[in-house]
Amino acid sequence: MDALRRLCDSLQDPGKVAAFQRLCGVQSALHSGPPEPDRPSNGPSSGPPGPRLRKDPQTNGPLSNGAPEGPGGRKQAQRRNSLTGEPGQAFSIRNPLLYYLFSFGTELGNELFYISFFPFWMWNVDPWVARRLVIVWVWVMYLGQCTKDLIRWPRPPSPPVIKLEVFYNSEYSMPSTHAMSGTAIPLSVLLLTYGRWQYSLVFGIGLTISWCSLVCLSRVYMGMHSILDVIAGFLYAILIIIVFHPLFEIIDTFNITYKYAPFAIIGLHLAMGIFSFTLDTWSTSRGDTAQILGSGAGIACGSHVNYMLGLMLEPSPDLLPLIPPPITVTLFGKALLRFLIGVVVLLVIRAAMKKISIPLACKVFGIPCHDIRKARQRMEVELPYRYITYGSVGFGAMFVVPYLFTWIGLH
C-alpha cells in the first residue's frame with residue numbers, strides 16, 4: 001500500500017506536468033509588477049506566488065522580463081475562465097507544431113467537437129452506431145463529472161504548472177473527463193463498427209490508440225490535469241465500457257421500441273441532472289452535465305419518433321458487413337451539404353431555445369435576468385435552460401434534420 005501511495009503521489013506531482021510542458025516547448029512569460037488580486041479556486045494551490053504582469057507603456061500589453069520568444073510567439077490561455085472571466089497567464093511557445101497538435105487534441109473533448117461529430121455520424125455514416133455512441137458518451141461523461149465532484153481534487157497548481165487553458169479551471173480535476181471521453185468514443189467506435197463495416201482491424205486499433213493518446217497527453221500539456229488524473233480517466237472509461245458494452249443493444253432497443261420510452265428517458269435524465277446539481281456549488285461541470293443529459297434525452301426521443309413513424313431504415317443482417325462506398329466528388333459534396341445544412345438548423349434551434357428558456361426560467365423562479373451570466377449560475381435557471389436547449393438540439397439532430405433531408409431529397 002505504501003508503494004502504491006508513493007506511486008500515486010508521484011503521478012500527481014505538478015512538477016511532472018511542468019516538466020512535460022517544458023519538454024514540449026512551453027515557457028512562462030516572466031513578469032514583474034504589483035500583486036494581482038486573489039482569484040477564486042476550487043481547491044488549495046501550492047508553491048510560491050506566481051509571476052506578475054508588467055505593462056508595456058506603448059501597447060498596454062504584457063511586457064516580457066527575459067522569457068525567450070519561441071517560434072510560436074507569446075500567447076494567452078485559451079478562452080477565459082468560465083466562472084471568474086479571468087483570461088489566464090501569458091506564455092511562450094517554442095514548438096508551434098506541438099501546440100497546435102495538442103490544442104486540436106483537447107478540442108476533441110469540447111462542445112464544438114461533439115456538436116459536429118455525432119451529427120455527422122447520424123447524417124452521413126451510420127445512425128445505428130451514432131445512437132449507441134451517444135449512450136456511451138452520456139454515461140461516461142455523467143459518471144465522470146459526478147466522480148469529480150465527489151472526490152473534489154483541485155487542478156494542478158500554477159506555478160509550477162502553466163495553464164494554457166483556463167475555461168474549465170473552476171472544475172475539479174480527478175478524473176479527467178477529457179481522457180474518459182477520448183478513450184470511450186474511439187474505443188466504442190471500434191467495438192461498434194468492426195464486423196458491421198468492412199475495414200482493417202489494424203487501422204481501427206491504430207486510430208483508437210492515436211486518438212486516445214492525443215487527447216490524454218493534451219490535458220497534461222495544457223496544464224489542466226496531473227498524470228494521475230489522466231490515467232484514472234483512461235481506466236475509468238475502460239471500466240464503464242466493459243460494463244455498458246453488453247447493454248448497448250438492450251438500451252437502444254428500449255429507447256426506440258418501448259411505447260412509453262420518451263417518458264422514461266426524460267424522467268431518468270432529468271432525475272440524474274437534479275442529483276448532480278446538488279453535489280456542490282456551481283461550476284462548468286453543472287452546466288456540462290445538464291447539457292450532456294439533455295442532448296442524450298433528445299437524441300433518444302428522436303430515435304423513438306423515427307422508429308414509430310417508420311423513418312428508421314436499417315440494413316438487413318445479410319448485408320453485413322457494410323462496405324464503405326468509394327469517395328467521389330458527388331458523395332463528398334452531398335455529405336458536406338447535409339452537414340452544413342444540418343449544423344445551421346441545429347444552431348438555429350439552440351439559439352432560439354436559449355433565447356426562450358433562460359428568461360422563462362428566470363420568470364418562473366423569480367430570478368433577476370439583467371445579468372444573464374450570473375442568472376445561469378443558479379440551479380433553477382441552469383438546469384432547465386441546458387436541459388431544454390440541448391434536448392431540443394438532440395431531438396433536432398436525430399429527427400428534425402433527417403426528416404428535412406428526406407423532404408428536400410437529400411437523404
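Peptides 292-302, 3-13, 234-244, ordered by how many other C-beta atoms sit within 10 Å of their residues on average, highest first, read 292-302, 234-244, 3-13.
Subtracting the Cα-Cα distance of Phe113 and Ile327 from 0.36 nm times their residue separation leaves 74.8 nm of extension gain.
Taken one residue at a time, the phi angles of region 297-302 give Karplus couplings (6.51, -1.76, 1.60, θ = phi - 60°) of 5, x, 5, 5, 5, x Hz. Gly and Pro are set to x.
With a Förster radius of 30 Å applied to the C-beta separation of Lys355 and Leu309, the computed FRET efficiency comes to 0.55. Between Asn95 and Leu320, the FRET efficiency from the beta-carbon distance, with R0 = 30 Å, is close to 0.10.
Placing dummy labels 7 Å off each Cα toward the beta-carbon, the span from Cys8 to Ile242 is 1.8 nm.
With each label modelled as a point 7 angstrom along the Cα→C-beta vector, the Glu249-Leu337 pair spans 3.8 nm.
Semi-axis lengths, largest first, of the ellipsoid equivalent to region 288-411 are 36, 16, 12 Å, with √(5λ) applied to each eigenvalue of the Cα gyration tensor. Each Lys and Arg Cβ is given +1 and each Asp and Glu Cβ -1; about its Cα centre, region 156-300 then shows a dipole of about 140 debye.
Under the simplified labelling scheme, the Ser103-Ala264 pair shows an inter-label distance of 4.6 nm, with each label point 7 Å from Cα along Cα→Cβ.
Rule-based calculations on the coordinates, nothing more; no lab input. All figures in this text were calculated on a predicted structure; none of them were measured in a lab. With ideal geometry, Cβ positions are generated from the backbone for all residues, glycine too; neighbour counts draw on all protein chains shown.
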